Amino acid sequence: MNTNTVLRALRTLRDEGLLEFRRGQGVHVAGSAERGAVLARARELVRFARSNGYQTDELVAMIKGLT
């Protein structure tokens, strides 16, 4: 297997919140598939909000207002 393919896969899993890279300690499992799915949706929401002119603090206030 090509090293670049493995590294790309590891980075993708890290970006999805499933893996955590720790300098000097290696790679650790950081969360579940559900957590990764929620993080992916959160990223989509942040991108959508930014594309519509909302700042992060405004988005956080909206989310807090839902609870």
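Taken together, the values in this text are just the output of simple stated rules run on the coordinates, not laboratory data. From a predicted model like this one, the values you see are computed outputs, not experimental measurements. Note: ideal-geometry Cβ built from the backbone for every residue, glycine included; neighbour counts use all protein chains shown.
Remarks
- Under-5 Å amide H pairs with A30, H placed in peptide plane, nonlocal only: L19, E20
- Given charges at Cβ of Lys, Arg, Asp, Glu: region 10-54 dipole, positive-most of S32, S51, G17: S51
- Helix screen, the chain: DSSP H segments with Cα axial length of 24 Å or more and mean Kyte-Doolittle hydropathy at least -0.5 are 33-51.
- Only helices enter this figure: runs of n ≥ 4 DSSP H residues, each worth -39500 (n - 2.57), summed and divided by the residues of the chain, yield -21000 deg cm²/dmol at 222 nm to the nearest 500.
- Checking [x] 33, 23, 16; [y] 43, 23, 19; [z] 45, 23, 22 against Cα extents along the principal axes in Å calculated from these atoms, the matching label is [z].
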